[in-house]
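The structure under discussion appears below in the form of structure tokens.
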Amino acid sequence: MIGIDWYLALSAVLFIIGVIGVLIRRNAIVILMCVELMLNSVNISLIAFASHHGDITGQVLVFFVLAVAAAEAVIGLAIILAIFRNNLSIDITKVNLLRW
Amino acid sequence: MDYLYDLNTFIPATIAAAAGLVVLMQSVYKVKINTIFGVTVFSLVVALLFALRDLFGPVGTSFYDMVAYGGTAAFGTLLVITGTLFCVLISRDYLEAIDHHYGEVYAMILFATTGMVGLAVSNDLIMLFVGLETMSICLYVLAGLIKEEKTGAESALKYFLLGAFSTGFLLYGIALIYGATGSTNYADITALTDISPLFMAGSALLLVGFFFKISAVPFHMWTPDVYQGTPTTLTAYFATASKAATFVALILVMSRMMPEIEGVGWTQAISVIAIITMILGNLIALVQDNVKRMLAYSSIAHAGYLLVGLAAGTADGYTGVLYYLFAYTVMNIGAFGVIAFYERNQALDFTDVNNYAGLGYKQPVMAVLLSVFLFSLAGIPPFVGFLAKYYVFAAAVNAGHITLAVVGVLTTAASVYYYLRVMVFMYFREPHKEFDLVNPGAIFKYALIVLCVLTVYYGVEPVFPMGSLIELLTSYYTETGPAGMAGP
């Protein structure tokens, strides 16, 4: 029997990897993947907590998160496509017209 | 029939969602754009009437405690629908002028409105999350409306990446709170809480997510870029309706889910954030030449003033924040609206304040309207912005947060500089070259005049159709609420 702590630790580690990825990577698609990693690590927590509490709410929330993540991926890829058409690059350090 | 009863308490959002679907189908079948505009405005007016009805109705929760109705939630709905209606009214002429007048814009606005109402009436963390994301995803699309231009696509990308990033924090916060309490319902969470580190961490992450959305200072980086690259009337929508919805949700979370838990220092945390938000927002706004960026930093500063009311954490504070949100919605849409009108003229780049020279005498009505809105934003009596600031700062003083009120008043004084600077250019500088301004359309002009009347009227006499607005708002937080429901 694996305790809830392990699931939470895995979730926290994945979340932190996602955060670090968003902060240091320069490729917009990789950043998008890191955001998805953050959302999915939260799903692990939610399912672990739901199982721990013997309560269905957390698992229901996971379905909402999946739907939102899918919608976000669609919009995000469309925006990245628009950026690529303008800049011929999806390096976010080159997306720097607006500052201060 | 329970379901129909529940639906009755959620009518404004239902209307917005249904109208969004109708408008989307209309634009698929290439219905005339003016018809689409008419359907949008009509549905929003109907939703507004229902929101007004709910304002004086009973207080409670529906859909198995997922959403609240009446009280704070009803006022939040009213704010969102009002903001959306006026943004739609001023959008048509502007979007036509920049050649981006598509039916889908209205569909996206209506879907975002559904999300905002869901957010403003949330009584459960799941509803909070779903409402926030419905709103955000539609707003990402609207931010990238001018995708052929680099600035438009860039603002959409920045909004999207930082918005999705902050969603991650918010969601992790929700997960930890759920783990600590075993429920996502505000009332259950308040009842079950013993302060565990898990709950503290969850609340902190939840607040970080919120601070991103309301652009409080350490998390404000996206705001000026997004506001600059987005079409101006939609910027007004971002700055008012979405911020109002998020703040109302924050009030609901603070007052229902985490009220006065002993030993939790959220008041201090919010106070610190409020102070740096007020100072930094106003300071950077001082040096902006781009009018839209100036208003973006001013909206950051206003988020700081709003946080002052939240930090007070009393009934007065929450009332003040709600009143402030109303004032902010009215005057900010007005200011962005007039700027959108100037931008329609291709003669000069009217996002640069230097080109406002001599504008005061070209279209005198528009210039006077802009002056009223800017005076109100600066908090000068007798406009509504003054009264709103008074309520918020008075609540802070009464709650013993003298420092917050002092910083607020001082930064307000500094903010007068950059608001009046626009007027100095308009009235006291000679124009660089000769040009003529187009005439504003009738709907556009009257929408702005109504906003101006509201700005002046609520500054002089804050009375609602039925009794004093401020008394109505206060009643939500006292025992003598409309339905006698204890608490907010």
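What does the charge dipole of chain A about its Cα centre add up to, to the nearest 20 debye, if the Cβ of each Lys and Arg holds +1 and the Cβ of each Asp and Glu holds -1?
Working: 5 positive and 5 negative charges, 112 e Å.
My answer is approximately 540 debye.
Could you tell me how many degrees, from 0 to 90 and to the nearest 10, lie between the Cα long axis of helix B:103-120 and the main elongation axis, the longest principal axis, of the Cα atoms of chain B?
30 degrees
For chain B, just run the numbers: alpha carbon Rg, then divide by 2.2 N^0.38 Å, N being how many residues it has. Kindly include the intermediate steps, with their values, before the conclusion.
Numbers: Rg = 21.2 Å, N = 488, 2.2 N^0.38 = 23.1 Å.
Taking N as the residue count of chain B, the ratio is 0.92.
Tell me whether segment B:257-395 comes out rounded, prolate or oblate; compute the Cα gyration tensor, take square roots of the eigenvalues as a ≥ b ≥ c, and use a/c under 1.5 as the rounded threshold.
Details: a/c = 3.24, a/b = 2.11, b/c = 1.53.
It is prolate, given that a/c is not under 1.5 and a/b is the larger ratio.
Could you state the accessible area per residue of the protein assembly as shown in Å², with a 1.4 Å probe and every protein chain left in place? Working shown, then result.
Numbers: 21500 Å² over 588 residues.
Spelled out: the 1.4 Å probe surface of the protein assembly as shown, per residue, equals 37 Å².
Using a Gaussian network model on chain A with a 10 Å cutoff between Cα atoms, which of A:LEU32, A:LEU14, A:LEU61 fluctuates the most?
Sorting by GNM fluctuation, first place goes to A:LEU61.
Once Lys and Arg get +1 and Asp and Glu get -1 on their Cβ, which of B:LEU206, B:SER27, B:PHE341 lies farthest toward the positive end of the dipole of chain B?
The residue sitting farthest along the positive end of the dipole is B:PHE341.
Within 10 Å of each Cβ in peptide B:35-45, how many partner chain Cβ atoms are there on average? Round it to a whole number, please.
On the way: counts 0, 0, 0, 0, 0, 0, 0, 0, 0, 0, 0.
Per-residue shielding by partner chains comes out at 0.
Could you work out the mean count of beta carbons from other protein chains within 10 Å of each residue's beta carbon in B:149-158? Don't jump to the answer; show the numbers that get you there.
Details: counts 3, 7, 3, 2, 11, 11, 4, 7, 10, 4.
Average per residue, whole number: 6.
How big is the charge dipole of the protein assembly as shown about its Cα centre, in debye rounded to the nearest 20, if each Lys and Arg gets +1 on its Cβ and each Asp and Glu gets -1 on its Cβ? Provide the component values of the computation, followed by the final result.
Numbers: 24 positive and 34 negative charges, 272 e Å.
The calculated dipole for the protein assembly as shown is roughly 1300 debye.
Against the longest alpha carbon principal axis of chain B, how many degrees, from 0 to 90 and to the nearest 10, is the axis of helix B:266-286 turned?
The angle comes out near 10 degrees.
Can you tell me which lysines have their Cα less than 29 Å from the Cα of B:LYS389? Leave out same-chain residues fewer than eight positions away.
Filter leaves B:LYS213, B:LYS243, B:LYS292, B:LYS445.
Semi-axes of segment A:4-88's equivalent ellipsoid from the Cα gyration tensor, sqrt of 5 times each eigenvalue, largest first, rounded to whole Å? Display every interim value, and only then the final one.
Details: eigenvalues 176, 50, 4 Å².
Three semi-axes, in Å: 30, 16, 4.
By a straight-distance test (C-alpha under 20 Å), which aspartates and glutamates pair with B:LYS32 as possible cross-link partners, with residues fewer than eight away in the same chain excluded?
Of all the aspartates and glutamates, those that pass the test against B:LYS32 - Cα under 20 Å, at least 8 places apart if same chain - are B:ASP93, B:GLU96, B:ASP99, B:GLU104.
Once you charge only the Cβ atoms, +1 for Lys and Arg and -1 for Asp and Glu, what is the size of the charge dipole of chain B about its Cα centre, to the nearest 20 debye?
Numbers: 19 positive and 29 negative charges, 173 e Å.
About 820 debye.
Decide, for segment B:54-109, between rounded, prolate and oblate: order the square roots of the alpha carbon gyration tensor eigenvalues as a ≥ b ≥ c, take rounded if a/c falls under 1.5, and otherwise choose prolate if a/b is larger than b/c, else oblate. Could you put the intermediate results ahead of the total?
Working: a/c = 5.87, a/b = 2.62, b/c = 2.24.
Taking the square roots of the gyration eigenvalues as a ≥ b ≥ c, segment B:54-109 is prolate.
What does the structure give for A:76-87 when I average, per residue, the other chain Cβ atoms found within 10 Å of the residue Cβ? Present the calculation step by step, with values, prior to reporting the outcome.
Details: counts 8, 0, 6, 14, 5, 2, 11, 7, 1, 3, 8, 3.
Average neighbour count from other chains, rounded to a whole number: 6.
Restricting the calculation to Cα positions, tell me the Rg (one decimal) and the Dmax (whole number) of the protein assembly as shown in Å.
Cα only, the protein assembly as shown: 22.8, 81 Å (Rg, Dmax).
Relative to the longest principal Cα axis of chain B, at what angle does helix B:11-28 sit, 0 to 90 degrees, rounded to 10?
50 degrees
Taking only DSSP H segments of four or more residues, each worth -39500 (n - 2.57), what value at 222 nm results for chain A once the sum is divided by all its residues, to the nearest 500 deg cm²/dmol?
After summing the helix terms and dividing by the residues of chain A, the value is -28000 deg cm²/dmol.
What total accessible area, in Å², is buried where chains B and A meet, using a 1.4 Å probe and rounding to the nearest 100?
On the way: alone 17750 and 7420 Å², together 21500 Å².
Counting protein atoms only, the buried area is about 3700 Å².
On the accessible surface of segment B:2-478, probed at 1.4 Å, how many percent belong to carbon and sulfur atoms? Kindly include the intermediate steps, with their values, before the conclusion.
Numbers: 10120 of 15130 Å².
Here carbon and sulfur together make up 67 percent of the probe-accessible area.
The values are calculated or read from the model by the stated rules, or taken from the named source; none is laboratory data. Remember, it's a predicted structure, so these values are computed and weren't measured experimentally. Don't worry about glycine lacking a Cβ; one is built from the backbone with ideal geometry, like all the others, and counts go over all protein chains shown. Accessible surface areas use protein heavy atoms only, side chains included; no ligands, DNA or RNA. Shrake-Rupley method; radii C 1.70, N 1.55, O 1.52, S 1.80 Å.
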